[in-house]
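The block underneath contains the structure these notes are about, expressed in structure tokens.
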Amino acid sequence: MQAGHAAIQFQHEHPELAKLWYTQSNYLAFLSVDDEEQLEKLIRKAKAKGITHSIFREPDLGNQITAVTFEASDDARRLTSSCPKMGKELIN
């Protein structure tokens with residue numbers, strides 16, 4: 001799953017936020033979008049709102065964006081609220 005790559009990248013790029021998430025919530029939500037264009041739109045909105053994130057690009061697919069991880073925040077939750085959920089909403 002590409003989300004695993006993005007989560008590990010987030011932990012590497014933002015260790016303080018990752019540790020805070022790990023100690024305070026440790027919840028994950030896996031959401032989906034139809035294509036890279038929709039991911040790019042979410043990323044632009046996240047940047048505009050100052051939401052910390054990490055982008056994973058798949059080398060085997062020409063460095064296409066295949067996943068993004070957003071910080072655990074109310075702003076990120078609102079940003080992604082219209083994205084369909086994959087499987088269980090929350091995985092603990």
_Within the chain, considering only helices (runs of 4 or more DSSP H) that don't extend past its boundaries, which have at least 2 residues that are polar (S, T, N, Q)?_
2-13, 15-24
_Restricting to region 8-31, and then to whatever is without any contact (Cβ under 8 Å) to a residue 24 or more places away in the chain and hydroxyl-bearing (S, T, Y), can you tell me which residue is farthest from R78 (Cα to Cα)?_
T23
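Where a number appears in this text, it was derived from the coordinates with a stated rule and is not lab data. Small disclaimer: the values here were computed from a predicted structure and weren't measured. When we count neighbours, we look across all protein chains shown, and the Cβ atoms used for this are built from the backbone with ideal geometry, even at glycine.
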